[in-house]
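Read through the structure below, which is laid out as structure tokens, and then see the notes.
The values are calculated or read from the model by the stated rules, or taken from the named source; none is laboratory data. Please read all numbers here as calculations on a predicted model, not as lab measurements. Glycine gets a Cβ as well: all are built from the backbone with ideal geometry, and neighbour counts include every protein chain shown.
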Amino acid sequence: MELTQEEKDNRAAAAEAAQLKVKLRSTKPDEQAALIAGCNPCPDCGNMPHAIVQPRGVPGFGVIDTYEIGCLVDRDHRAVGLKREDAVKKWNAQDFLPPKDENGTPIPKEKQPLPT
Ligand SMILES: [Zn+2]
């Protein structure tokens, strides 16, 4: 079966994330620093974010490893991308994952209170 370009991209991104995952198991500070290279400090607490690789369901592709950058203090500040650069870009743009309600269900954007 022919793969679409999107599937090829996702597959390449998943392979990259899998490689990063190996690196992420390393706790060497210089390697963690490389993984968040280009990230701004957290807009709320000013700490540098933390990078992890997280398996996630992607529509049309199944469960793949995705790259997540988040603040260890502000748990609702999490930016996810298929590639490291995407996650960094979203983190810097404060394009965070939707917050979750008390049951851990993500609150869709349209139901979130507007920022004041
Ligand atoms: Zn923070």
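Here are the numbers for the structure shown:
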| item | result |
| --- | --- |
| Count of residues meeting criterion [touching a helix residue (DSSP H, G or I) at 6+ places or on another chain (Cβ under 8 Å) and within 14 Å of the ligand (Cβ to nearest atom)] in the range 30-50 | 5 |
| Pairs where the first residue, in the range 35-59, is without any contact (Cβ under 8 Å) to a residue 24 or more places away in the chain and part of a loop (DSSP other than H, G, I, E, B) and the second is aliphatic (A, V, I, L, M) and within 16 Å of the ligand (Cβ to nearest atom), C-beta under 7 Å, 6+ apart | Pro41/Met48; Met48/Ile36 |
| Of all residues in the range 67-81 being away from the ligand (no atom under 12 Å from the Cβ) and surrounded by fewer than 22 Cβ atoms within 10 Å (Cβ to Cβ), the one that is farthest from Pro99 (Cα to Cα) | Gly81 |
| Qualifying residue in the range 19-35 (condition: under 30 Å from Glu102 (Cβ atoms), surrounded by 13 or more Cβ atoms within 10 Å (Cβ to Cβ) and modelled with pLDDT under 75) | yes |
| Qualifying residue in the range 52-66 (condition: at negative phi, surrounded by 13 or more Cβ atoms within 10 Å (Cβ to Cβ), at pLDDT 85 or above and not β-branched (Val, Ile, Thr)) | no |
| Tabulated pairs, the range 5-16, first in contact (Cβ under 8 Å) with a residue 12 or more places away in the chain, second in a helix (DSSP H, G or I) and acidic (Asp, Glu), C-beta under 9 angstrom, 6+ apart or interchain | Ala13/Asp86 |
| From Asp9, Asp44, residue being surrounded by 12 or more Cβ atoms within 10 Å (Cβ to Cβ) and modelled with pLDDT of 90 or more | Asp44 |
